[in-house]
Amino acid sequence: MLFIVAGCAAAGAQDLGNVNPQALPPVDPADPKISAKEIFGRKLTPFEGPAQAIGFYTSGCLVGGVALPINGKTWQVMRLSRNRNWGHPNIIKFLERFSEKAQAIGWNGLLVGDMAQPRGGPMRTGHLSHQVGLDADIWLSPMPAREFTRQEREVTMATNVVADDWKDVNPKIWSPTHIALLKAAATDPEVERVLVNPAIKKALCRDVKDDRSWLHKMRPVPGHNYHFHVRISCPPDSTTCKAQPATPNDEGCGKDLDAWFKKISKPSPPQPPKPDAKPIKPRIIPLSSLPPACRKLALTP
Ligand SMILES: [Zn+2]
């Protein structure tokens, strides 16, 4: 079930950015040996046209991408050096209305992490999904009462809400406002899934008392302890956007969730590398593996 584990990569610490990112050396997008992530990771501008999310969340691209302004009344964009604050107009509108709701429930405003690249597509670092402009990572720390500087946006760390043993949330940090925030995201009519760490899902299963109708949209995925990931549905007029299977109606608070914690309780000891081990080759995602319509976006400078 690739679509479930393919949210964001890595449970590790957050990546830091840099206010003066180095330009990448050019690549030839027509070279079949060049991975599509190297091509889409170098696109600095959107592909003009009526907005279309093309393909699937983990294999696609984006026409008519729009940048989320780096400062809104109710949000700020982080890690500007990554140039990943792009998306389909629907996710921009979602972030506008969700950030207002967040403020109304006492969350000062959103810190927005990675969305998509200007033309979507696979990324050189960090995510398997976020390719069609319908995904957004939102930090689990509220916006401060002032505007972050450019430098602060690259190096400020979000708050980890999960306990050190990964078995539950950190009770010193976790709050009813966190729950209200996640509920506001999950109950938005366009939101299909919200990806959170299994420990956060466990806390929701335990702590949400009245309306539990949204818990089935909260999907446990490793990582997602500094941020949560919101995925919205395919826009009806994006005719080649491939929808995900619907989430099961079941709350997801039973055996499947327990299974995550069984894995944690039996960590495998670190293995020394074998002396004859071959170095791991980076995975090549050929441009031909993306929907055919993405080719034009890749080949256009
Ligand atoms: Zn994500």
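Are there any pairs, at least 6 apart or on different chains, whose C-beta atoms fall under 8 Å, with the first in the stretch 46-58 and in contact (Cβ under 8 Å) with a residue 60 or more places away in the chain and the second assigned to a strand (DSSP E or B) and of a type in the set (D, E, K, R), and if so, which?
Pairs that qualify, where the first residue is in contact (Cβ under 8 Å) with a residue 60 or more places away in the chain and the partner is assigned to a strand (DSSP E or B) and of a type in the set (D, E, K, R), are Y57/D135; Y57/R231.
With the condition kept exactly as written, say whether any residue in the stretch 66-76 is of a type in the set (G, A, S) and part of a loop (DSSP other than H, G, I, E, B).
Looking for residues that are of a type in the set (G, A, S) and part of a loop (DSSP other than H, G, I, E, B), one finds none in the stretch 66-76, hence no.
Contact list please: Cβ distance under 7 Å, first residue in the stretch 116-132 and more than 13 Å from G87 (Cβ to Cβ) and without any contact (Cβ under 8 Å) to a residue 60 or more places away in the chain, second residue near the ligand (Cβ under 9 Å from one of its atoms) and of a type in the set (S, T, N, Q), pairs at least six apart or on different chains.
none
At pLDDT below 95, in contact with a Leu (Cβ under 6 Å, 6 or more places away or on another chain), crowded, with 22+ Cβ neighbours inside 10 Å and not hydroxyl-bearing (S, T, Y) - does that describe any residue in the stretch 20-32? So that I can check it myself, show each step before the final result.
Quick first cut of the stretch 20-32, residues at pLDDT below 95 only: 20-32.
Narrowing further to those that are in contact with a Leu (Cβ under 6 Å, 6 or more places away or on another chain): 29.
Keeping just the survivors that are crowded, with 22+ Cβ neighbours inside 10 Å gives none.
No, the stretch 20-32 contains no residue that is at pLDDT below 95, in contact with a Leu (Cβ under 6 Å, 6 or more places away or on another chain), crowded, with 22+ Cβ neighbours inside 10 Å and not hydroxyl-bearing (S, T, Y).
Table: residues versus (1) away from the ligand (no atom under 16 Å from the Cβ); (2) more than 14 Å from the chain's Cα centre (by Cα); (3) small (G, A, S); (4) at pLDDT 95 or above.
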site: W86; (1), (2), (3), (4): no, no, no, yes
site: K93; (1), (2), (3), (4): yes, yes, no, yes
site: F98; (1), (2), (3), (4): no, yes, no, yes
site: K101; (1), (2), (3), (4): yes, yes, no, yes
site: A104; (1), (2), (3), (4): yes, yes, yes, yes
site: G109; (1), (2), (3), (4): yes, yes, yes, yes
site: D114; (1), (2), (3), (4): no, no, no, yes
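Considering the stretch 170-224 alone, what residues qualify as being small (G, A, S), away from the ligand (no atom under 16 Å from the Cβ) and either surrounded by 15 or more Cβ atoms within 10 Å (Cβ to Cβ) or within 23 Å of D114 (Cβ to Cβ) (or both)?
So the first thing to find is which residues in the stretch 170-224 are small (G, A, S), and the list is 175, 180, 184-186, 199, 203, 213, 223.
Then keep just the ones that are away from the ligand (no atom under 16 Å from the Cβ); that gives 175, 180, 184, 199, 203, 213.
Answer for the stretch 170-224, where residues must be small (G, A, S), away from the ligand (no atom under 16 Å from the Cβ) and either surrounded by 15 or more Cβ atoms within 10 Å (Cβ to Cβ) or within 23 Å of D114 (Cβ to Cβ) (or both): A180, A184, A199, A203.
Quick check on my filter: what residues within the stretch 29-64 are in a helix (DSSP H, G or I) and among the charged types (D, E, K, R)?
At the first step, the residues of the stretch 29-64 found to be in a helix (DSSP H, G or I) are 36-40.
Of everything in the stretch 29-64, those that are in a helix (DSSP H, G or I) and among the charged types (D, E, K, R) turn out to be K37, E38.
Pick from A136, A158: which is touching a strand residue (DSSP E or B) at 6+ places or on another chain (Cβ under 9 Å), outside any loop (DSSP other than H, G, I, E, B), within 16 Å of the ligand (Cβ to nearest atom) and farther than 25 Å from D258 by Cα? First the steps, then the outcome.
Details: A158 fails: outside any loop (DSSP other than H, G, I, E, B).
Only one candidate qualifies: A136.
The values are calculated or read from the model by the stated rules, or taken from the named source; none is laboratory data. The structure presented is a predicted model; accordingly, all values stated were derived computationally and were not measured. With ideal geometry, Cβ positions are generated from the backbone for all residues, glycine too; neighbour counts draw on all protein chains shown.
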